[in-house]
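Written out below as structure tokens is the structure these notes cover.
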Ligand SMILES: *Cc1c(COP(=O)(O)O)cnc(C)c1O
């Protein structure tokens, strides 16, 4: 039996069309794109095709796309480039709910000579824009705000933020790893300076990402060496994966509207039915400003890890908090920043769907999860206590 995979914010299946497109570059077409001979040159041309396809999805110019090894490298490169090319400015603004790729770097910089402002969110995960704009100053080198949160799916108004930030003379970067392919993006119509994305969140393989750098934005390379990527990212290209990312971008651009509506319908059904069947369950995050594929649901008074374990017996794959925090007992920094109560944060499960999910799978989860939660709650001292305090039995 195939797993019921609802953990697509952690990683996605490589699309069959993407794999097909990549295969020749593992076998007969193994040339180095930097070589002078025709054999290598044809590989170089295919990389330029991938660049154009990705630019097409983003509304960017091909020369504004730099291929990297992952979303994390793109984030690090963007922040490094802004700090390095504006050495007099010592202030950074980011949010309390960034992915570790930005959060941990920002915390490192805060301990190493930079002033860092972490913008808070409200109970629904919405960013406090006044707080952000109040802290913006002539000393701010870069503002980095994710387009969509990986845990809750909440979308931030990055285009509006970019306008204010760039008017102030600071660089605006967005980690759009979760947004690309799920929300329409048109960089020709906004002021965003830099944007990060990752192949494996988009049905391309792991180990490839990209950084968009708007023409005219000051830039400094993170990896120095050869002249690949016009000297902006040294190292021989991950040819097959770049070609895969280009194909994934093309597929996404062609099917974005219909596919996202289909995924959203499945997500909405899953969420609605689980909330109807399971008492003391609630959605984390603004339900109206969310990615179409994501729902984070708090099941109060149970342990998320225990839910995952019991779902695993039915091959249902989801996530508690983010993949990077699971394995530790700390509740996720995102849910903590939102002020989600301890007893709910611990029992929060993220389901993230993709175009490969079916209604049959959603129905299966709707059938299997309620008895799992009930069984765990019967074992949970918190739940027993809560029922006693309410002075009533739920059933
Ligand atoms: C997955 C993810 C990343 C990291 O991307 P990698 O390619 O795994 O390095 C960064 N930001 C967000 C929002 C993500 O979801």
Multiply the residue gap between residue 336 and residue 277 by 0.36 nm, knock off their C-alpha separation, and tell me the result in nm, one decimal place. 18.6 nm
Report the gain in length on full extension from residue 269 to residue 130: 0.36 nm times residue separation, minus Cα-Cα distance, nm rounded to one decimal. 46.5 nm
Taking the 0 to 90 degree range and rounding to the nearest ten, how far is the long axis of helix 239-277 tilted relative to the main principal axis of the chain, both from C-alpha atoms? 20 degrees
Let me understand the chain better: what is its radius of gyration from the alpha carbons, and its Dmax, in angstrom? 22.1, 80
Of 356-366, 283-293, ordering from highest average Cβ density within 10 Å down gives 283-293, 356-366
Folded to 0 to 90 degrees: helix 359-379 orientation relative to the chain principal axis, Cα: 50 degrees
Antiparallel %, DSSP beta bridges [both residues in the chain], to 5: 55 percent
Residues residue 389 and residue 122, FRET efficiency given R0 of 22 Å [Cβ-Cβ distance, rounded to 0.05]: 0.20
What translational diffusion coefficient, in µm²/s and rounded to a whole number, does the Stokes-Einstein relation yield for the stretch 16-252 at 10 °C and a viscosity of 1.306 mPa s, taking the hydrodynamic radius as the Kirkwood radius over Cα pairs? 88 µm²/s
Determine the gain in length on full extension of the stretch residue 163-residue 107; use 0.36 nm per residue of separation and subtract their C-alpha separation, reporting nm with one decimal. 17.6 nm
Nearest 10 degrees is fine. How inclined is helix 381-390 to the longest principal axis of the chain, computing both from alpha carbons? 60 degrees
Starting from the Cα of residue 61, step 7 Å along the direction of its Cβ; do the same at residue 139; then give the gap between the two resulting points in nm. 3.5 nm
List 166, 294 from most exposed to least, where exposure is judged by having the fewest other Cβ atoms within 10 Å. 166, 294
Given the -39500 (n - 2.57) contribution per DSSP H run of 4+ residues, what per-residue ellipticity at 222 nm results for the chain, rounded to the nearest 500 deg cm²/dmol? -13000 deg cm²/dmol
Residues of the stretch 246-269 with backbone nitrogen within less than 16 Å of a virtual label 7 Å along the Cα-to-Cβ line of residue 356, please, listed as ranges. 248-249, 251-252, 263
Quick one: which of 260-273, 243-256, 214-227, 44-57 comes out on top by average Cβ neighbours within 10 Å, and what's the full order, highest first? 243-256, 44-57, 260-273, 214-227
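All of the numbers you see were taken from the coordinates with simple rules; none came from a lab. Every value quoted in this text rests on a predicted model; they were computed, and no experiment measured them. We place every Cβ from the backbone using ideal geometry, glycine too, and count neighbours over all the protein chains shown.
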